[in-house]
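Below is one structure, written out as structure tokens; comments come after it.
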Amino acid sequence: MVARTLVAELPELGQLDRKRIAALVGVAPMNNESGTLRGQRRIQGRVRVRTALYMAAVAGSRFNPRLKKFYDSLRASGKSGKVALIACARKLLVILNALIRNGQRWNPEAA
């Protein structure tokens, strides 16, 4: 389901750098500040893609050793569960973007 969603809803995958792709999908927090006003950071972007990546991050944070370690370190540093999962979703997106950009295949041993 995630692969279908990414192919259908994110044709820019592999063509943008990691910051732009994360902002496009909505897994990068955007500032809401001006002058002395300090607002909360918010995420906005392609909801379907973000939802699919979020569900992949939920599964990955439980069963992928590398993603689980990343999630656990974020939780240990005091981040909430949802914030940690969005960070995992961003990490997945950045990895996928780099793999497609470089024409590589997923290698579990390298991960």
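Return the pairs, sorted by first residue and then second, in which the second residue is modelled with pLDDT of 90 or more and surrounded by 15 or more Cβ atoms within 10 Å (Cβ to Cβ), the first residue lies in the range 7-24 and is among the hydrophobic types (A, V, I, L, M, F, W, C) and outside any loop (DSSP other than H, G, I, E, B), the beta carbons are less than 6 Å apart, and the residues are 6+ apart or on different chains.
Every condition considered, the pairs that remain are Ile21/Asn97; Ala22/Arg90.
Looking at the range 1-40, which of the residues that are farther than 14 Å from Ala87 by Cα and touching a strand residue (DSSP E or B) at 6+ places or on another chain (Cβ under 8 Å) is surrounded by the fewest Cβ atoms within 10 Å (Cβ to Cβ)?
Gly39
Which one is surrounded by the fewest Cβ atoms within 10 Å (Cβ to Cβ), of the residues in the range 41-76 that are within 20 Å of Glu9 (Cα to Cα) and among the hydroxyl-bearing types (Ser, Thr, Tyr)?
Thr51
Looking at the range 44-55, is at least one residue under 21 Å from Met1 (Cβ atoms), at pLDDT below 90 and either aliphatic (A, V, I, L, M) or outside any helix (DSSP H, G or I) (or both)?
Checked the range 44-55: at least one residue is under 21 Å from Met1 (Cβ atoms), at pLDDT below 90 and either aliphatic (A, V, I, L, M) or outside any helix (DSSP H, G or I) (or both).
Restricting attention to the range 92-110, which residues are more than 23 Å from Met55 (Cα to Cα) and either part of a loop (DSSP other than H, G, I, E, B) or touching a residue at least 60 places away in the same chain (Cβ under 8 Å) (or both)?
Those that are more than 23 Å from Met55 (Cα to Cα) and either part of a loop (DSSP other than H, G, I, E, B) or touching a residue at least 60 places away in the same chain (Cβ under 8 Å) (or both): Arg101, Gly103, Gln104, Glu109, Ala110.
Residue by residue through the range 85-110, note down the ones that are under 10 Å from the mean Cα position of the chain (by Cα) and small (Gly, Ala, Ser).
Ala87, Ala89 - these are the residues of the range 85-110 that are under 10 Å from the mean Cα position of the chain (by Cα) and small (Gly, Ala, Ser).
The values are calculated or read from the model by the stated rules, or taken from the named source; none is laboratory data. Quantities reported herein were computed from a predicted structural model and do not represent experimental measurements. Positions of Cβ are generated from backbone atoms using ideal geometry, with glycine treated the same way; all protein chains shown enter the neighbour counts.
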